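First comes the structure, then the notes that go with it.
The values are calculated or read from the model by the stated rules, or taken from the named source; none is laboratory data. Computed from a prediction, not measured in an experiment: that's the story for all the values here. Here the Cβ positions follow ideal geometry from the backbone for every residue, glycine too, while neighbour counts run over all protein chains shown.
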Amino acid sequence: DVVLETRDVKKFYKMGSVTVQALRGVDVSLKSGEFVSIIGPSGSGKSTLLNLLGCLDRPTEGSVLLDGTDVSKMGERQLTDMRCKKIGYVFQKFYLLPFLTALENVELQARLAGVKDSRRRAEEALRLVGLDGRMGHMPKEMSGGEQQRVAIARALVKAPKLLLADEPTGNLDTATGSEVMRTLKKLNEQGLTILMVTHNPELAAQTDRIIRVKDGLIDGSLN
Ligand code: ADP
Ligand code: ADP
């Protein structure tokens, strides 16, 4: 079963009289339970592709199917609704609210997503990322790796179809980055579908499959 799929996706950016074609016909498909990474040089179209796959933007041409629904022609409100329900996001920066504890950060997300029993679900999510003992800590009392794992728990708490991670270790040293990577791999082994953008070939090599983006196209998608 396919979680996410693009069909001949093209994206143009218009700046006055100049048009840039950032994606020139991309077909990617992500199956349930896969851990896939996207790599490619700067300017290749990775961010554009990620924005489309993450339902943060729409393609100029072609379609994007999330969990069987074509999102490429949806209006802003519908698109927002889809991504709230189906996708969890993790970024290079943690974006934790500094005045809330780890548990409160995750619980707030659960409430915003309309998750029932939000406190208990937040505790479960924090347990899944190995932070049982840190629930009452403030972000500033935690290491970078722990903060990123809180951010992962926050993404997980609404039980998304897909976890989208944009440079999740970009702000971390190698050892801490590996710790976050181990957490992602563990979650994937438990069935979570993950799509990760990274500049780090060593991390990409640890995933099931690498999608290489080059000049707005996919460049051989198997590793
Ligand atoms: P984004 O995908 O967030 O738009 P870019 O891919 O455009 O960022 O990267 C911006 C610049 O920073 C590029 O020159 C890129 O090579 C560099 N860069 C960003 N993150 C890393 C990283 N983790 N390791 C090495 N270079 C990086
Ligand atoms: P990457 O993430 O691999 O660095 P991007 O998707 O950011 O690549 O960019 C792909 C191409 O599209 C580049 O030529 C970039 O300059 C252009 N581009 C990206 N975003 C915009 C935008 N908002 N407006 C105009 N051009 C853009």
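Quick grid of which residues meet (1) of a type outside the set (A, V, I, L, M); (2) in contact with a helix residue (DSSP H, G or I) (Cβ under 8 Å, 6 or more places away or on another chain); (3) under 29 Å from S143 (Cα atoms):
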position	(1), (2), (3)
D67	yes, yes, no
D70	yes, no, no
L79	no, no, no
F91	yes, yes, yes
F94	yes, yes, yes
L103	no, yes, yes
A113	no, yes, yes
D117	yes, no, yes
- request: Check every one of the helices (runs of 4 or more DSSP H) wholly within the range 127-215 and list those with 3 or more residues that are surrounded by 21 or more Cβ atoms within 10 Å (Cβ to Cβ).
  value: 144-156, 174-189
statement: How many residues of the range 23-47 are surrounded by fewer than 22 Cβ atoms within 10 Å (Cβ to Cβ) and either among the hydroxyl-bearing types (S, T, Y) or closer than 10 Å to V9 by Cβ (or both)? The answer is 9
statement: Of the candidates L163, L192, L217, L184, the one satisfying the condition of being at pLDDT 95 or above, farther than 26 Å from P98 by Cα and within 14 Å of the chain's Cα centre (by Cα) is L192
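Are any of the residues in the range 147-155 within 16 Å of ligand 1 (Cβ to nearest atom) and touching a strand residue (DSSP E or B) at 6+ places or on another chain (Cβ under 8 Å)?
Looking for residues that are within 16 Å of ligand 1 (Cβ to nearest atom) and touching a strand residue (DSSP E or B) at 6+ places or on another chain (Cβ under 8 Å), one finds at least one in the range 147-155, hence yes.
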message: Test of understanding: among E61, E107, E76, which residue is among the acidic types (D, E) and buried (at least 17 other Cβ atoms within 10 Å of the Cβ)?
response: E107
